[in-house]
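Below: the structure, in structure tokens.
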Amino acid sequence: MKIFSGLLIILILSGIVYWLLVTTEGVFLGRRVVVWLYDITAHKYDGIKEFEPEWEQFFIARPLMHKLRHSPAPLILDVATGTGRVPLTLLDEPRFHGRLVGVDASQKMLALAAEKLRPFHHRAALIRQTADRLPFPNNCFDAVTCLESLEFFPSETAALQEMVRVLKPGGWLLITRRRGWEGKAFLSRYYAVAEFETMLTNLGLADVNTQPWQEAYDQVFGQKSVVIDH
């Protein structure tokens, strides 16, 4: 009986550790743990994710370029850029003539991004920075993107407020919402579709639209409202 109890305790503790470090990637242990986990796994990240360039073009570059079709050379901010997924996807598209800035808290992820973006160094800049203190003035980006990252920030609301702040009126936010059982594993950090869309609307976005994207994520677009002076 004691052996069974001991094994049960070990199993429960192992499950908690897995949930803390793997399923939720350290978010309940604080920002430093999240950044540390990304630093130590940076060299494996692209291999784990297995991004397909064709799918990235179809689901990221083309929809975003369509939203920005009236901006011939848009300036785009990618928050939590990681190894440069969004910048590389857009810059590999011949019809995209804009520039990008990528920010991330992980130095080792940024180092990999810099290497991949070397051919586009004149059109892409990388900055080590957290999402809740973006070092940019108000209303300066035509679009802001943040993919598969929001649930790992200390405060989703603070990060979203910053993204909306630096977005130009009429500019577009492209973000993701964790869904399914993986989303619910984040407990109070999980948002139902209606709840998430309401939060974005309250932050000053209009035309908020959610579409299924991946098994664990929805893709969400929203346009920053334009203030009309009378």
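Looking only at region 54-82, filter to residues that are more than 25 Å from Glu156 (Cα to Cα) and under 18 Å from the mean Cα position of the chain (by Cα); which one of those is surrounded by the most Cβ atoms within 10 Å (Cβ to Cβ)?
Filtering first and then ranking leaves Met65.
What residue, of Lys224, Lys168, is charged (D, E, K, R), within 21 Å of Asn138 (Cα to Cα) and touching a Pro at 6+ places or on another chain (Cβ under 6 Å)? I'd like the intermediate steps shown before the answer.
On the way: Lys168 fails: touching a Pro at 6+ places or on another chain (Cβ under 6 Å).
Among Lys224, Lys168, only Lys224 is charged (D, E, K, R), within 21 Å of Asn138 (Cα to Cα) and touching a Pro at 6+ places or on another chain (Cβ under 6 Å).
Quick check on region 181-196: of everything there that is farther than 13 Å from Glu25 by Cα and either more than 16 Å from the chain's Cα centre (by Cα) or among the aliphatic types (A, V, I, L, M) (or both), which residue is surrounded by the fewest Cβ atoms within 10 Å (Cβ to Cβ)?
The qualifying residue surrounded by the fewest Cβ atoms within 10 Å (Cβ to Cβ) is Ser188.
What residue, among those in region 128-159 that are aromatic (Phe, Trp, Tyr) and more than 15 Å from Arg178 (Cα to Cα), is surrounded by the most Cβ atoms within 10 Å (Cβ to Cβ)? Steps first, please.
First pass over region 128-159, keeping only residues aromatic (Phe, Trp, Tyr): 136, 141, 152-153.
Remaining after also requiring more than 15 Å from Arg178 (Cα to Cα): 136, 141.
Details: Phe136: 17, Phe141: 24.
Looking at the filtered set, the residue picked out is Phe141.
Anything in region 1-33 that is over 15 Å from Ala185 (Cβ atoms), assigned to a helix (DSSP H, G or I) and under 18 Å from the mean Cα position of the chain (by Cα)? List them, or say none.
Keep residues of region 1-33 that are over 15 Å from Ala185 (Cβ atoms), which gives 1-14, 30-33.
Applying the additional criterion that residues be assigned to a helix (DSSP H, G or I) yields 2-14, 31-33.
Within region 1-33, Arg31, Arg32, Val33 qualify.
Of the residues that sit in region 79-127 and are acidic (Asp, Glu) and touching a helix residue (DSSP H, G or I) at 6+ places or on another chain (Cβ under 8 Å), which one is nearest to Leu147 (Cα to Cα)?
Looking only at region 79-127, we keep the residues that are acidic (Asp, Glu), and these are 92-93, 104, 115.
With the extra rule that they be touching a helix residue (DSSP H, G or I) at 6+ places or on another chain (Cβ under 8 Å), the set shrinks to 92-93, 104.
Values: Asp92: 18, Glu93: 19, Asp104: 12 Å.
This residue is Asp104.
Laboratory data are not the source of any read-out in this text; all were calculated from the coordinates shown. Owing to the predicted nature of the structure, the values given are computational and were not obtained by experimental measurement. For neighbour counting, all protein chains shown are included, and Cβ atoms are generated from backbone atoms with ideal geometry for every residue, glycine included.
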